[in-house]
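Here is the structure we will look at, set down as structure tokens.
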Amino acid sequence: MTRPLRLLLCCLAAMAGLLLSGCGEKQDIRTIGETEGLYVNVAGLTYQVQVSRYLNADDIEDRDYLRGLSPGDDELGDGETWFGVFVRVHNDGNEPLPSAEDFEIHTTQEEVFEPVEIDEADNVFAYRPRVLASGDLLPHPDSAAGYGPIGGELLLFKVDYEALQNRPLELHIISPENPDEQALVDLDV
């Protein structure tokens with residue numbers, strides 16, 4: 001077989017593969033993210049953990065993430081640390097849908113941590129559940145949370161140092177319509 005004919009056959013095979021890959025069903029719904037950065041789906045919305053990390057109240061950047069805490073929630077107990085999970089949410093469907101209100105961090109020892117409430121008026125980075133119209137994205141790209149280096153809204157947790165050793169930590173994103181419908185993301189601690 002001549003070289004031009006081989007090249008033509010290879011190109012035709014590649015084009016056929018591309019054509020066939022575009023056929024079929026929409027992308028499968030993923031409810032488990034083995035690591036941060038992967039997209040998971042809950043109740044019609046797509047969630048992505050941008051980053052998770054310890055937060056230090058004495059650090060200049062982190063100080064603003066810790067604004068708006070209510071009395072009693074603003075202090076850490078012995079052996080606790082602040083842990084932030086920054087998320088993005090996208091509605092790529094055709095109808096308005098509510099974003100999740102409930103999140104939990106689970107350890108391998110079955111400990112469960114829920115986010116600390118943050119006053120939305122005092123913290124521009126705080127995650128705020130709301131109804132997303134078709135095409136909407138949280139955080140809004142023109143907001144401080146969307147334009148900043150992390151590009152996600154903050155879920156703030158108080159976590160025991162000891163619990164952080166029981167990895168992987170899993171973030172559970174719970175459907176606002178059906179608590180049995182959840183997505184899990186392994187957090188990079």
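The values are calculated or read from the model by the stated rules, or taken from the named source; none is laboratory data. Here the structure is a predicted model, which means the values were calculated and not measured. Don't worry about glycine lacking a Cβ; one is built from the backbone with ideal geometry, like all the others, and counts go over all protein chains shown.
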Exercise. Would you pick out the residues in the stretch 42-65 that are modelled with pLDDT under 95 and of a type in the set (A, V, I, L, M)?
Worked result: A57, I60
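Within the stretch 76-94, can one find any residue that is in a loop (DSSP other than H, G, I, E, B), exposed (fewer than 12 other Cβ atoms within 10 Å of the Cβ) and touching a Ser or Thr at 6+ places or on another chain (Cβ under 7 Å)? Full working, then the answer.
Restricting attention to the stretch 76-94, the residues satisfying the condition of being in a loop (DSSP other than H, G, I, E, B) are 76-79, 91-94.
Still in the running and exposed (fewer than 12 other Cβ atoms within 10 Å of the Cβ): 77-79, 94.
In the following step, the residues that additionally are touching a Ser or Thr at 6+ places or on another chain (Cβ under 7 Å) were identified as 94.
Yes, the stretch 76-94 contains a residue that is in a loop (DSSP other than H, G, I, E, B), exposed (fewer than 12 other Cβ atoms within 10 Å of the Cβ) and touching a Ser or Thr at 6+ places or on another chain (Cβ under 7 Å).
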For this session: Considering only residues that are within 17 Å of the chain's Cα centre (by Cα) and surrounded by fewer than 19 Cβ atoms within 10 Å (Cβ to Cβ), look in the stretch 95-112 and name the one that is farthest from L69 (Cα to Cα).
Result: P98
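What is the residue count in the stretch 155-178 for residues that are assigned to a loop (DSSP other than H, G, I, E, B) and either in contact (Cβ under 8 Å) with a residue 60 or more places away in the chain or of a type in the set (G, A, S) (or both)?
Here the count works out to 8.
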Problem set entry | Enumeration of residues in the stretch 111-152 that are over 19 Å from E181 (Cα atoms) and free of Cβ contacts under 8 Å to residues at least 12 places away in the same chain | H140, P141, D142, G146, Y147, P149
Seminar exercise, completed: A careful count of residues in the stretch 37-62 that are under 26 Å from P96 (Cα atoms), in contact with a strand residue (DSSP E or B) (Cβ under 6 Å, 6 or more places away or on another chain) and touching a residue at least 40 places away in the same chain (Cβ under 8 Å) gives 9
Exercise. Does at least one position in the stretch 130-142 carry a residue that is of a type in the set (K, R), closer than 23 Å to R67 by Cα and part of a strand (DSSP E or B)?
Worked result: no
Problem set entry | Single condition E181 does not satisfy, out of (1) of a type outside the set (S, T, N, Q); (2) free of Cβ contacts under 8 Å to residues at least 60 places away in the same chain; (3) under 19 Å from Q48 (Cα atoms) | (2)
For this session: Keeping to the stretch 62-75, report how many residues are in a loop (DSSP other than H, G, I, E, B) and buried (at least 16 other Cβ atoms within 10 Å of the Cβ).
Result: 2
